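*Asks:* The structure follows.
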């Protein structure tokens, strides 16, 4: 996660230096679609100074604050890293109106855009908080249902074997799902090329490995004692 924060920090900081007075009319969003008459009413020099300072502060603060928060709680650090840039850009869009004259309609659009970015940040934050919870495993007569984010249903006849493992296999990258903080949910490709499904808190000490005809599934829960769940599933499957 710290490497991701560093990568984003470098990108945001670089943006502040990429946009200049010479190329602003070509690459600066909003300004590049204005007519010459509209651009004459924009304090472009003042705005570019603000734009540069904003991105430097955003880049540096994103990395430093993510790192500090991660020392306390990696889940909160991931949540901060995801939502902070959106909140910051919401503020920047609204503040940018102080560098233009007139254009009442355009100012209104800026306010609306800033509000939308803020709402997106809130929505993503709430969804992320929901993902920072274990998926529920429900045992039905003929199936195992893993409810929650990126959940799935495993038919009883498709279960080949069940066992506990003490660690997760090395992951190469996420194919589909959620991976932030301590949690991984969805489909992942391992470094050995195998594709698996995971519904885990990676800080767990034990994981239930369910071998199925359609691939391996790793599961654990913050609320369930995993060895007891294994025994329950073995009885359900009829494996001694």
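*Asks:* Just to be sure before I move on: is residue 66 closer than 19 Å to residue 179 by Cβ, assigned to a helix (DSSP H, G or I) and free of Cβ contacts under 8 Å to residues at least 60 places away in the same chain in the structure I sent? Give the derivation first.
*Replies:* Details: closer than 19 Å to residue 179 by Cβ: yes; assigned to a helix (DSSP H, G or I): yes; free of Cβ contacts under 8 Å to residues at least 60 places away in the same chain: no.
No; evaluated as a whole, the condition is false for this residue.
Yes/no matrix, rows are residues, columns are (1) in contact with a helix residue (DSSP H, G or I) (Cβ under 6 Å, 6 or more places away or on another chain); (2) at negative phi; (3) in a strand (DSSP E or B):
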| position | (1), (2), (3) |
| --- | --- |
| 97 | yes, yes, no |
| 108 | no, yes, no |
| 116 | no, yes, no |
| 122 | no, yes, no |
| 127 | no, yes, no |
| 134 | no, yes, no |
| 137 | no, yes, yes |
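*Asks:* Let me ask something else. Look at region 1-49 and say how many of its residues are at pLDDT 90 or above and within 12 Å of residue 99 (Cβ to Cβ).
*Replies:* 1
*Asks:* On to the next question. Test residue 234 against the stated conditions and say whether it is closer than 13 Å to residue 164 by Cα and buried (at least 18 other Cβ atoms within 10 Å of the Cβ). Reasoning before the result, please.
*Replies:* Numbers: closer than 13 Å to residue 164 by Cα: yes; buried (at least 18 other Cβ atoms within 10 Å of the Cβ): no.
Judged against the criteria, residue 234 is not a match.
*Asks:* Could you say whether any residue in region 187-207 is surrounded by 13 or more Cβ atoms within 10 Å (Cβ to Cβ), touching a strand residue (DSSP E or B) at 6+ places or on another chain (Cβ under 6 Å), modelled with pLDDT of 90 or more and closer than 17 Å to residue 234 by Cβ?
*Replies:* Yes, the conditions are met somewhere in region 187-207.
*Asks:* In the set 99, 84, 89, 150, which member is surrounded by 14 or more Cβ atoms within 10 Å (Cβ to Cβ) and either within 21 Å of residue 234 (Cβ to Cβ) or over 21 Å from the mean Cα position of the chain (by Cα) (or both)?
*Replies:* It is 99.
*Asks:* Quickly run through region 172-201 and pick out the residues that are more than 16 Å from the chain's Cα centre (by Cα) and not in a strand (DSSP E or B).
*Replies:* 191, 192, 193, 194
*Asks:* So, residue 154, is that one farther than 20 Å from residue 75 by Cα, part of a loop (DSSP other than H, G, I, E, B) and in contact (Cβ under 8 Å) with a residue 60 or more places away in the chain or not?
*Replies:* Against the criterion (farther than 20 Å from residue 75 by Cα, part of a loop (DSSP other than H, G, I, E, B) and in contact (Cβ under 8 Å) with a residue 60 or more places away in the chain), residue 154 does not qualify.
*Asks:* Also, I was wondering about something else. How many residues, within region 159-176, are over 13 Å from residue 199 (Cα atoms) and either surrounded by 15 or more Cβ atoms within 10 Å (Cβ to Cβ) or in contact with a helix residue (DSSP H, G or I) (Cβ under 7 Å, 6 or more places away or on another chain) (or both)? Break it down stepwise before answering.
*Replies:* Taking region 159-176 as the starting set, the residues that turn out to be over 13 Å from residue 199 (Cα atoms) are 159-167, 169-173, 175.
Applying the additional criterion that residues be either surrounded by 15 or more Cβ atoms within 10 Å (Cβ to Cβ) or in contact with a helix residue (DSSP H, G or I) (Cβ under 7 Å, 6 or more places away or on another chain) (or both) yields 159, 162, 164, 169, 171.
The number of residues fulfilling the criteria is 5.
*Asks:* To continue, here is another question. For region 45-58, does any single residue satisfy the condition of being part of a loop (DSSP other than H, G, I, E, B) and surrounded by fewer than 13 Cβ atoms within 10 Å (Cβ to Cβ)?
*Replies:* Within region 45-58, the subset part of a loop (DSSP other than H, G, I, E, B) is none.
No, region 45-58 has no match at all.
The values are calculated or read from the model by the stated rules, or taken from the named source; none is laboratory data. Computed from a prediction, not measured in an experiment: that's the story for all the values here. FYI the Cβ positions are ideal-geometry reconstructions off the backbone, even for glycines, and counts take in every protein chain you see.
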